[in-house]
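Structure first, commentary second.
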Amino acid sequence: MAMTTSTDTNLPRSSVGSATRHNLLGTGAVTKQSMAAFLGAVPPVDQVGIAERVASLATRSVKREAKAKTLRLAVSMIDLTTLEGMDTPGKVRQLAAKALRPDPSDPTIPLPAALCVYPAMVPTALAALEGSPVKVAAVSTYFPSGQAPLEVKLADVRAAVEMGADEIDMVIDRGAFLSGRYVEVFDQIVAVKEASGHCHLKVILETGELATFDNVRRASMLAMAAGADFIKTSTGKVQPAATREVTLVMFEAIRDFHDLTGAVIGMKPAGGIRTSKDAIRYLVLLSETLGPRWLTPDLFRFGASSLLNDLLMQIGWLRDGRYQSPNYYTND
Amino acid sequence: MTDSAMTDKADTPPGPVAAADDGGLFELEYVTSTEATDIVGIADRYELFIGGGFRKPASKEYFETINPATEEVLTSVAAGSSRDIDRAVGAARDGFETWSALPGSERAKYLFRIARLLQERGREFALLETLDGGKPIREARDFDVPTAAAHFFYYAGWADKLEYAFPGLDPKPLGVAGQIIPWNFPLLMLAWKIAPALATGNTIVLKPAETTPLTALLFAELAAEAGLPDGVLNVVTGDGATGAALVDHQGVDKVAFTGSTEVGKAIQSSLAGTGRHLTLELGGKAPHIVFDDAALDQAVEGVVNGIFFNQGHVCCAGSRLLIQESVSEVFVDKLKRRLSTLRVGDPLDKNTDVGAINSRAQLDRITELVEAGRSEGTEIFQPACALPDRGFWFTPTLFLDVAQSSRIAREEIFGPVLSISTFRTPAEAVEKANNTPYGLSAGVWTNKGSRILWMADRLKAGVVWANTFNKFDPASPFGGYQESGFGREGGRHGLLPYLQGTH
């Protein structure tokens, strides 16, 4: 198995600083020693401080025109998601239709960034979204647990790529991470990155299982060094999923990584984000921590599905001055 | 509908909809969300609160109080003279007869009532504090008012338990307390002074700061609303001369002062030998120490909060940053970036982080010291920051590589100015931290618990915060060493200065 970082310069954003990134851990194969040195330099995180900062930024006031603009941005950042054992082509087509017409009564609403599905549903999703700019993201690497031999995980990725997925959402091996086998986690991401080819790679840390912010920060740095285009909080299958606190920890890691390498890595909180108010608070955190450069669907996504209708409802309220019944918004 | 949606989409650039206009960067805008000022009524003129009612000053003179963010006159306030102080002390003496005779459980009821009323009228108090003092409404609303209410709740709880607070001591009040409070936290300092005095059975003559008298006057109204017996609380507004008259009045059994070290020294010498009690809470030049193993991003937040909270008008502000040299470059870079996101401006805007400087005089003092730093050749950093045309403002400022001998490292600036130096070893950090005539507070940032304890043992400061800063709780005593004063406010210790036989 290839254990080196892909050097494909045609990658969308990962090309930025990919060489430098590799050098962060030495120029040869990554060793236990170089990994220990790399992770040892990651600063610790103070949980109370994180909670305070999040609480203080929650009082920022985004209203009226600025709010309308921000809500529309949030719509364009959604990875509309269905990840159930009971997913069917019919269900995926329904969701694709929602992606193409988020609000049938308002054609000016931007489209969500992507549809996020299991690999088996990629062909259905592609067919339903054909000709539209909405991307298809496939969760893979034995999502959500990741507890399978590497070969199986890579086959999962290759299948999704061959079927035409635009983006791969992989899970890290939390078992390996928690038992201190960091090089193994790293090498697996490198291998998945290579198997993903031209696809955009989002690396799911499953922060709910990493448990501490120190772990989250180290895993973020490790994933970025291994070639992640995006780092993502959760599968949505484990509680807690995304929180603003853990998202801030990951933003800070992205900022440090940018300072170190110049690479611009994206972020995707996923699971548990349901209201417009919450979405705006995430964007405030993003804007205050990473700055306006990151306020684009190219670098920030919401992994969510019920959030969309709440955004539409708030946009409608700002437009018409009244709330419509939830029945005016489609449940797909 | 579908067709038009598809057409629209074809016209926009490919890729997931570019929400930013013209493909430029999306700027997340905060809306100037100004707190409505009409919820608080400001009278045209304020009298002195003596003996349970508002009375005209003997001098018949009034002075204006302004909004430092606009320089507009808010109202005029009675200038209390020594005759007014005499009346107020007399009223407090009368009030003492009834108040000290009440059982603690009865006094507690008044304190609880005051605490609840403060919560109920919290918005009014927050707004008035911001208008009169220039602090951001976010801080007045989320910190000053709730913490003040918490103080009354806390001491209400002690009022009927004094016998158990200090075993062996028969808890008896001192009598009339003369209390002089500063302009940086007008309502909170009022609460710190009044709550323990009332809980222990003392009565009060309070002199608020000249530039921020309004919340104390609103509080007087609230005390009357709470049914506090006449004369138990008296508020005499005025300037330094009014304060001096209060300190010098022979009928005052105890003086409690929070303010500058210079005035504190004068008060101490005037009380020396009189047998009257005194507590002083004075200035500071607090060290904020960051070790290389600290949670750096949170330490940046802590340092920012430590010096820019309330525009740096905080006696325990972390105004001297000591960074371990091995991380100083990274840390200072992070700090500079963070400073650039501070929002300085209209204190009434809920998004404002740093408000107006409290007065012209204070702005002049800050400007003078910053100029001294510049002329000493110290490197300075100030973020690009548009300040309003009117009012008193100062850009958040960092001084880098500051020498211990520099004026800006030794003198209290009491403004949004941070002096940064480096250290190599924990012992050197302690030595530099303690190398000051002050000793009010200190902060330590490290991931190592044993080092926190080691440092706390050695730092000469009344409060040592670890991995946080500017945290206040009514249950925790606060006070200084050396020229930062003596006596403690808050906690069980905060009862002592108001009881007999404890000195």
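Readers should treat all values here as calculations from the given coordinates under stated rules, not as data from a laboratory. The structure displayed is predicted, hence computed values, not measured ones. Cβ atoms come from the backbone with ideal geometry, glycine included; neighbour counts cover every protein chain shown.
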Whole-Å semi-axes of the ellipsoid equivalent to region B:266-371 (Cα gyration tensor, √5λ, descending): 32, 21, 13
Peptide A:58-66: average number of partner chain Cβ atoms within 10 Å per residue? 5
What number, in percent, do you get for the relative contact order of region B:287-471 if the mean sequence gap of Cα pairs under 8 Å and at least 6 apart is divided by its residue count? 30 percent
Nearest 10 degrees, 0 to 90: what angle lies between the long axis of helix A:150-163 and the longest principal axis of chain A (Cα atoms)? 40 degrees
Across all Cα atoms of region A:23-328, Rg and the largest Cα-Cα distance (Dmax), in Å, are 19.0, 61
Counting Lys and Arg as +1 and Asp and Glu as -1, each charge on the Cβ, what is the dipole of region B:108-265 about the Cα centre in debye, to the nearest 20? 300 debye
Tell me, what HN-Hα J-couplings in whole Hz come from the Karplus equation 6.51 cos²θ - 1.76 cosθ + 1.60 at θ = phi - 60° for each residue of region A:324-332, using x for Gly and Pro? 8, 5, x, 5, 7, 10, 7, 9, 10
Ranked output for segments B:172-183, A:206-217, A:320-331, B:385-396 by mean other Cβ atoms within 10 Å, highest leading, reads B:172-183, A:206-217, B:385-396, A:320-331
If you add up the charges near B:Ala140, with Lys and Arg at +1 and Asp and Glu at -1, over every other residue whose beta carbon is less than 15 angstrom from its beta carbon, what do you get? -4
Euclidean distance between Cα centres, region B:116-151 to region B:360-408, Å: 28 Å
Give the long-range amide H neighbours of A:Asp169: residues separated by 5 or more places, or on another chain, with amide H under 5 Å away, using H modelled in the peptide plane at 1.01 Å from N. A:Ala138, A:Val139, A:Ser140, A:Lys202
Among residues other than B:Ala256 whose Cβ falls under 12 Å from its Cβ, what is the net charge (Lys/Arg +1, Asp/Glu -1)? +2
Region B:433-471-region B:289-356 distance, computed between alpha-carbon centres (Å): 17 Å
On the principal axes of its Cα set, how long, how wide and how thick is region B:164-306? Give whole Å, largest value first. 55, 39, 37
Restricted to pairs 8 or more residues apart or on different chains, the lysines in region B:287-471 with C-alpha atoms under 21 Å apart form a number of pairs equal to 5
Just to be sure I follow: if Rg is taken over the C-alpha atoms of the protein assembly as shown and Rh is the Kirkwood radius over the same atoms, what is Rg/Rh? 1.04
Rg/Rh for region B:360-482: what does it come to with C-alpha atoms and Rh from Kirkwood? 1.00
I'd like the distance separating the alpha-carbon centroids of region B:79-107 and region A:294-332, in whole Å. 61 Å
For chain B (alpha-carbon point model, no solvent) the Debye-based log₁₀ I(q)/I(0) at q = 0.07, 0.08, 0.14 Å⁻¹ works out to -0.40, -0.52, -1.39
Note down the Stokes-Einstein diffusion coefficient of region B:153-235 in µm²/s, whole number, using a Kirkwood radius over alpha carbon pairs, 25 °C, and 0.890 mPa s. 182 µm²/s
Take every Cα pair under 8 Å in chain B that's 6+ residues apart, average their separations, divide by the length, and report that relative contact order as a whole percent. 17 percent
For B:417-428, A:169-180, B:102-113, ranked highest to lowest by mean beta-carbon neighbours within 10 Å, the order is A:169-180, B:417-428, B:102-113
Express the C-alpha Rg of region B:44-282 as a ratio against the empirical globular expectation 2.2 N^0.38 Å, rounded to two decimals. 0.95
Can you tell me the convex hull volume per residue for region A:81-152, based on C-alpha atoms, in Å³ to the nearest whole number? 95 Å³
Going by amide H atoms built from the backbone, whose H comes under 5 Å of the H on A:Gly266, apart from near neighbours? A:Phe230, A:Ile231
Going by average Cβ neighbours within 10 Å, how do the peptides B:117-129, A:37-49 rank, with the highest at the top? B:117-129, A:37-49
Once amide hydrogens are built 1.01 Å from N within the peptide plane, the residues lying 5 or more places from B:Leu278 or on another chain with amide H under 5 Å from its amide H are B:Val255
Quick one: helix A:213-226 against the long Cα principal axis of chain A, what's the angle to the nearest 10°, folded into 0 to 90? 80 degrees
Whichever aspartates and glutamates have a C-alpha closer than 15 Å to that of A:Lys32, once near sequence neighbours (fewer than 8 apart) are set aside: A:Glu184, A:Asp187
Averaging sequence separations of C-alpha pairs under 8 Å and six or more residues apart, then dividing by the length of region A:23-328, give the relative contact order as a whole percent. 19 percent
Which net charge results when you count Lys and Arg as +1 and Asp and Glu as -1 among the other residues whose beta-carbon is under 12 Å from that of B:Thr75? -4
In region B:44-282, how many lysine pairs have Cα atoms under 25 Å apart, counting only pairs 8 or more places apart or on different chains? 22
Whole-Å semi-axes of the ellipsoid equivalent to region A:243-332 (Cα gyration tensor, √5λ, descending): 30, 13, 10
